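**Q** Starting off with a structure, shown below.
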Amino acid sequence: MSVEVSETPIGGKLRDFLDVVDYVYRDDPNYVRPLDFDLEQRLSKKNPFFEHAEATTFTAYKNGWCVGRISAQVDRAHLERYKDDVGFFGFLDTVDDPEVAKALLDAAAKWLARRGMKQMRGPMSLNINEEIGCLIDGFDTPPMILMPHHRAYQGALIEQAGLEKIKDLYAWRYTVGDVPKRAAKAMADVDAMPEVKLRHVDKSHVERDVRIIMDVFNDAWSDNWGFVPLTETELSKMASELKPILIPELTYIADIDGEPAAVALALPNINELIGDLHGKLFPLGLPKLLYRLKVKGPKSARLIILGIRKKYRGVKKYGALSICLYAKMHRSAEKIGVRWGELSWTLEDNAAVNVGIKFMGGEIYKKYRLYQRDLV
């Protein structure tokens, strides 16, 4: 029986789009369904991402069953920065059926081509600052907060539909144990510098401090492949979303002579707390989540940002600053009972960052892949 694909524009009803994952991952013990509330907010017209982008969603049906989903999006912020006529797809989840995957990817490709895009890249849900990549290695453990999970067949189906690898991403597992001696010395050396002051995010001024973190991030990461800075409204949205879950001990801002120079931000792994909520935050999910977060506390966390302003990177005196931040985060995590963390994601060809993580004892335990194909 042929595959039928249905389009639902942003702002439309998303029930099949949200629920299809229960069928796709029905026998996968490591899948964690994202909170419906979060996805509905991200795929609504109120999301500030759509101030500079447009998108749509598709669901696929076969034999009367919803068997897959995908989004397609055009990000004008990306186009203005790179002028490459690249559009994106995301939220790709399908059953193990090449016909289904191809139908969805073709639908996304046609939608993008009608808007003048010459290439399609993904998965990105919705852009590079959110969940990206298709899991290609590391299926035996659940995903971390804001990281995707896929069935082992998904990457092969993408390739069968005519897409090719453009970049691999790494997720590193880091066990909280002893700080390497050289890292401990680096931390002590930086602590001895009178002009360097380190502090945690102040929860009474979360928006201010999140803006500081993202300002340093935008400077530190501006040359990274595919980077697109967050807008002012996206920053405000991020701050409001982080405030309820942020753990100050898992954050650092380093000032040099009063200027924010380096930052580190880790998030508690909400995924370890919501597995049995089945995507439903209301009416009982929210109190369960808050109790588990505030009373029991998470045992894992994800380091999502660690960056140093460009002007300080080439200064030999501050060469140990990044290692100092790794070590500080290690000690803080240990104090609050976090047993292990994920450092993600890093580009496969970002040698400097990858070497630093290896130095601290990190090991690659998941790999993700981005794909691309021409739309001509």
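The values are calculated or read from the model by the stated rules, or taken from the named source; none is laboratory data. This one's a predicted model, so the numbers in the text were calculated from it and none came from an experiment. Virtual Cβ from ideal backbone geometry, glycine too; neighbours counted across all protein chains shown.
**Q** Looking at this structure, is ILE270 touching a residue at least 12 places away in the same chain (Cβ under 8 Å), of a type outside the set (Gly, Ala, Ser), closer than 25 Å to TRP172 by Cα and not assigned by TED's automatic domain parsing to the domain that holds ARG42?
**A** Yes, satisfied.
**Q** Looking at region 1-26, which of the residues that are hydroxyl-bearing (Ser, Thr, Tyr) and closer than 19 Å to ARG151 by Cβ is surrounded by the most Cβ atoms within 10 Å (Cβ to Cβ)?
**A** Per the criteria, the residue is TYR25.
**Q** Within region 68-75, is there a residue that is in contact with a helix residue (DSSP H, G or I) (Cβ under 6 Å, 6 or more places away or on another chain), crowded, with 24+ Cβ neighbours inside 10 Å and either of a type in the set (A, V, I, L, M) or modelled with pLDDT under 95 (or both)?
**A** Yes, region 68-75 has at least one match.
**Q** Separate question: Inside region 27-53, can you point out the residues that are assigned to a loop (DSSP other than H, G, I, E, B), surrounded by 15 or more Cβ atoms within 10 Å (Cβ to Cβ) and of a type outside the set (D, E, K, R)?
**A** Those that are assigned to a loop (DSSP other than H, G, I, E, B), surrounded by 15 or more Cβ atoms within 10 Å (Cβ to Cβ) and of a type outside the set (D, E, K, R): TYR31, VAL32, PRO34, LEU35, LEU43, ASN47, HIS52.
**Q** Same structure again: So GLY177 clears everything in (1) in contact with a Leu (Cβ under 9 Å, 6 or more places away or on another chain); (2) in contact (Cβ under 8 Å) with a residue 24 or more places away in the chain except one condition, right? Which one?
**A** Of everything listed in (1) in contact with a Leu (Cβ under 9 Å, 6 or more places away or on another chain); (2) in contact (Cβ under 8 Å) with a residue 24 or more places away in the chain, GLY177 misses just condition (1).
**Q** Just the residues that are of a type in the set (D, E, K, R) and modelled with pLDDT under 90, please, taken from region 286-330.
**A** LYS288, ARG292, LYS294, LYS296, ARG313, LYS316
**Q** Determine if region 40-47 includes at least one residue that is free of Cβ contacts under 8 Å to residues at least 24 places away in the same chain, under 30 Å from LYS288 (Cβ atoms) and in the same structural domain as LYS13 (by TED's automatic domain parsing).
**A** Looking through region 40-47, at least one residue is free of Cβ contacts under 8 Å to residues at least 24 places away in the same chain, under 30 Å from LYS288 (Cβ atoms) and in the same structural domain as LYS13 (by TED's automatic domain parsing).
**Q** Same structure again: Would you be able to say whether some residue in region 331-354 is of a type in the set (A, V, I, L, M), farther than 30 Å from PHE91 by Cβ and in contact with a Lys or Arg (Cβ under 9 Å, 6 or more places away or on another chain)?
**A** yes
**Q** Tell me the residue from LEU343, LEU303 that is part of a strand (DSSP E or B), under 18 Å from the mean Cα position of the chain (by Cα), of a type in the set (A, V, I, L, M) and not assigned by TED's automatic domain parsing to the domain that holds LEU273, please.
**A** LEU343
**Q** Right, something else. State which residue is nearest to SER6 (Cα to Cα) when the search covers only region 69-124 and only residues that are of a type in the set (Lys, Arg) and not in a helix (DSSP H, G or I).
**A** ARG69
**Q** Oh, and also: May I ask you to say which residue of PRO283, PRO287 is surrounded by fewer than 21 Cβ atoms within 10 Å (Cβ to Cβ) and not in a helix (DSSP H, G or I)?
**A** The unique qualifying residue is PRO283.
**Q** ILE136 versus (1) crowded, with 23+ Cβ neighbours inside 10 Å; (2) part of a strand (DSSP E or B): which is the lone unmet condition?
**A** (1)
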